[in-house]
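Comments concern the structure below.
The values are calculated or read from the model by the stated rules, or taken from the named source; none is laboratory data. If you're wondering where the values come from, they're calculated on a predicted model, not measured in any experiment. Heads up, the Cβs are rebuilt from the backbone with ideal geometry, glycines too, and the neighbour counts pull from every protein chain shown. For accessibility, only protein heavy atoms count, side chains too; no ligands or nucleic acids. Shrake-Rupley method; radii C 1.70, N 1.55, O 1.52, S 1.80 Å.
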Amino acid sequence: MTSINREEKLNAWIAAEKARRRTLAAPGTLTLAEVSALSPQEFFDGIGNGQLPCPPIGELLDFVPIEWTPGTFTFQGTPDTRHYNPLGSVHGGYAATLLDSCMGCAVHTLLKPGQGYTTTDLRISYVRALHAKVGPIRAEGRIVHLGRSTALAEGRIYDVDDRLYAVGSTTCLILDMRQ
């Protein structure tokens, strides 16, 4: 197995983010009916290839979807001083939003057309402070359980050196959007 060094990994992360940013459409939203009519793969592929608008929260906090498979979702962003709290580190809401997004999207990847979800519980544990010198970070969500009416997912935020910054878990209520 070939191992890549830190610089190669950092360059690969930066290249992946730049490539994704080139394909994203302008921020916008769809109606619940439009979203729920699509399969999760159609929805996320549509965002990723620019056929559907990218979510406005990504522009606001400057993070992008990087990859998704059934049951997983990864976002990438680079925290900077725009995200600081009055104490000079990245506000905890930045990490909470990234974790809520990646875990919720991980749930969404396994829904059927006509289904939606909403977060009913969000738990975050902060491991270390984020700051402008951290560089790119990834928020990776993974489904733990998908039932008929609820789903559980977990997530983590880490940097190119695999340093852990926060972990989270969520419970989502699965909704029938056709009603």
Among (1) in a strand (DSSP E or B); (2) touching a residue at least 60 places away in the same chain (Cβ under 8 Å); (3) β-branched (Val, Ile, Thr), Val64 falls short only on (2)
Pairs, first at pLDDT below 95 in the range 165-179, second open to solvent by less than 20 Å² (accessible area, probe 1.4 Å) and not in a strand (DSSP E or B), C-beta under 9 Å, six or more apart = Leu175/Ser36; Asp176/Ser36; Asp176/Gly114; Met177/Ser36; Met177/Gly114; Arg178/Ser36; Arg178/Gly114
Residues that are without any contact (Cβ under 8 Å) to a residue 12 or more places away in the chain: which helices (runs of 4 or more DSSP H) entirely in the range 1-52 hold 2 or more of them?
-> 6-23, 40-48
Please enumerate the residues belonging to the range 19-42 that are within 16 Å of the chain's Cα centre (by Cα) and open to solvent by 30 Å² or more (accessible area, probe 1.4 Å).
-> Arg20, Arg21, Leu24, Pro27, Gln41
If you go through the range 89-118, how many residues are open to solvent by 50 Å² or more (accessible area, probe 1.4 Å) and among the β-branched types (Val, Ile, Thr)?
-> 1
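Please verify whether Gly71 is modelled with pLDDT of 95 or more, of a type outside the set (Lys, Arg) and surrounded by 15 or more Cβ atoms within 10 Å (Cβ to Cβ), treating the condition exactly as stated.
The answer is yes for Gly71.
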Within the set of pairs 6+ apart or on separate chains, which have a first residue in the range 136-151 that is free of Cβ contacts under 8 Å to residues at least 24 places away in the same chain, a second that is crowded, with 16+ Cβ neighbours inside 10 Å, and C-beta atoms under 9 Å apart?
-> His145/Ala151; His145/Leu152; His145/Ala153
Out of (1) in contact with an Asp or Glu (Cβ under 6 Å, 6 or more places away or on another chain); (2) in a strand (DSSP E or B); (3) under 28 Å from Ser3 (Cα atoms); (4) β-branched (Val, Ile, Thr), the odd one out for Thr171 is which?
-> (3)
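Which of the residues that make up the range 79-100 are out of contact with any strand residue (DSSP E or B) (no Cβ under 7 Å at 6 or more places or on another chain) and either touching a residue at least 24 places away in the same chain (Cβ under 8 Å) or not hydrophobic (A, V, I, L, M, F, W, C) (or both)?
Residues of the range 79-100 out of contact with any strand residue (DSSP E or B) (no Cβ under 7 Å at 6 or more places or on another chain): 80-82, 85-89, 93-94, 97.
Within the range 79-100, Asp80, Thr81, Arg82, Asn85, Pro86, Gly88, Ser89, Gly93, Tyr94, Thr97 meet the criteria.
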Looking at (1) open to solvent by 50 Å² or more (accessible area, probe 1.4 Å); (2) in contact with a Pro (Cβ under 8 Å, 6 or more places away or on another chain), which is the one condition that is false for Arg6?
-> (2)
